[in-house]
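The values are calculated or read from the model by the stated rules, or taken from the named source; none is laboratory data. Since the model is a prediction, treat every value here as computed from it, not as a measurement. Note: ideal-geometry Cβ built from the backbone for every residue, glycine included; neighbour counts use all protein chains shown.
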Amino acid sequence: MLFHDSPEHAAFRAELRRFLAAELPLSHWNMRNDRDHITPDDAEFTCAFRKRLAAQGWLTMGWPKDFGGSGASYMTQTVYMEEMSSAGAPGAYDQGVWLAGPAIMMHGTSAQQQRWLPEMRTADVHWCQLFSEPGAGSDLASLQTRAVRDGDEYVINGQKIWTSGATEADWGILLARTDADAPKHRGISYFMLDLRTPGVTVRPLINMMGSEHFTEVFLEDVRVPADCLIGEENRGWYIATTTLDQERSSINRVVMTRSTLYALIDYVRAMRTLRTRAELRHELAERALEFEIGRWLCYRVAQMQSEGKIPNAEASVSKIFGTELQRQMGITGLRVVGMPGLLEPGTPLAPLQGRVERWAMAAPSYTIAGGTSEVNRNIVATRGLGLPRD
Ligand SMILES: Cc1cc2nc3c(=O)[nH]c(=O)nc-3n(C[C@H](O)[C@H](O)[C@H](O)COP(=O)(O)OP(=O)(O)OC[C@H]3O[C@@H](n4cnc5c(N)ncnc54)[C@H](O)[C@@H]3O)c2cc1C
């Protein structure tokens, strides 16, 4: 593995930085947190910015050329996500492009590919992921939402929870049980759900930042055309595992911590009373070391993908390390600035414009979303270290 950019990657990184410097009001976005509530102005800007990324061909750069992507390598995609996330750029990670698109490309019919992929490519529709349920998170295969075939339709009943971004989404990828008698992994199907269908109710859930980042979604006699089923009936679990692998292998969670780390370092440097305190200096040095390690763990995953290998335990190692670093960065922020770190943005005298409070409040969610640290440790223990399950 190369520990420095190839000339091609260095040139692409420079191009991205020029683009971001010209197109993004950095002081605003760099200060934001991805779990924050998006104001209507921000939502409008995010849509417009995503369209600019699409126009550059960057949004779907990882898609094969046959599907209108650029066929960019995993390493190039990693450089892209790294630059976008460290700048706080909105809309670079798109659930349609990263989760729904690959499922349709791999398992959809050509009619389904023509129906959904073009609108994802131009950023004209927004997607969400309707997997988790009140009784099925880590043990996702226990999900209870039912889909019953009725002529040319499926009738869906159930409840989803923790669905990020459903209030802004047009469509969702949905898992539902189509055979209640089969072993639990073998009775699940994978659907595309138009969220405007009668019977779908989306209710925002307010997280502890006071933000409507995620929602609960109720499904009551929702009639979904049978051609919204992706792949074969009852084989949806195997499609979903591709989606879940994709979620664990992303670099953005590590690099999101970079701007916070450097903001804290600048803060300590500027404060006469803090800059000589050994414990703070050591703590910041520790976070800087972890940042470098986390970044290289992500590059290792991308390198394996480039070689056609499937990173499994390696993706989990990267997920655990990256999200625990995000959590730790929130705690470090509070240690550095002390009690005033609890002041919210907009409060007079809030250090670093209230960003520390935002980070601390967002921090616990990262080790849960996309698979908890405990569950990922199980993957590392069994698939990585070969330890028995029980
Ligand atoms: C910010 C955020 C955004 C999210 N966005 C989405 C989304 O868009 N779409 C979606 O479908 N879901 C989403 N989720 C849900 C997320 O995938 C689940 O919260 C997660 O998988 C954990 O499931 P759970 O909440 O049901 O917890 P549970 O599975 O009930 O786990 C509770 C506790 O038990 C532990 N535990 C469970 N099983 C084991 C085990 N076998 N061994 C050891 N410990 C175990 C867990 O680690 C955890 O600490 C989101 C969650 C968050 C926090």
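Structural remarks
- Residue that is nearest to the ligand (Cβ to nearest atom), among those in the stretch 358-374 that are modelled with pLDDT of 95 or more and either part of a helix (DSSP H, G or I) or not β-branched (V, I, T) (or both): E374
- Flag if V79 is under 30 Å from S259 (Cα atoms), away from the ligand (no atom under 16 Å from the Cβ) and either under 16 Å from the mean Cα position of the chain (by Cα) or not small (G, A, S) (or both): yes
- Pairs, first free of Cβ contacts under 8 Å to residues at least 24 places away in the same chain and farther than 17 Å from A147 by Cβ in the stretch 163-183, second away from the ligand (no atom under 16 Å from the Cβ) and outside any loop (DSSP other than H, G, I, E, B), C-beta under 9 Å, six or more apart: none
- Residue match in the stretch 110-121 (condition: assigned to a loop (DSSP other than H, G, I, E, B), more than 14 Å from Q246 (Cβ to Cβ) and without any contact (Cβ under 8 Å) to a residue 60 or more places away in the chain): no
- Qualifying position, being of a type in the set (K, R) and either within 19 Å of M256 (Cα to Cα) or not in a loop (DSSP other than H, G, I, E, B) (or both), among R389, R355: R355
- When M84, M105 are checked against the criterion of being touching a Pro at 6+ places or on another chain (Cβ under 8 Å), away from the ligand (no atom under 16 Å from the Cβ) and hydrophobic (A, V, I, L, M, F, W, C), a single residue qualifies: M105.
- Just one residue in the set I188, I161 is on the phi < 0 side of the Ramachandran plot, touching a Gly at 6+ places or on another chain (Cβ under 6 Å) and within 15 Å of the ligand (Cβ to nearest atom); that residue is I188.
- Residue count for the stretch 265-281 satisfying the condition of being surrounded by 10 or more Cβ atoms within 10 Å (Cβ to Cβ) and part of a loop (DSSP other than H, G, I, E, B): 5.
- In the set (1) aromatic (F, W, Y); (2) under 24 Å from the mean Cα position of the chain (by Cα); (3) more than 21 Å from A369 (Cβ to Cβ), the condition left unmet by Y154 is number (2).
- Being of a type in the set (S, T, N, Q), in contact (Cβ under 8 Å) with a residue 40 or more places away in the chain and not in a helix (DSSP H, G or I) is a property that S250 has.
- Selection within the stretch 286-336: residues that are farther than 22 Å from A360 by Cα and basic (K, R). The member of this set that is surrounded by the most Cβ atoms within 10 Å (Cβ to Cβ) is R300.
- Flag for P345 being at pLDDT 90 or above and over 29 Å from V375 (Cβ atoms): no
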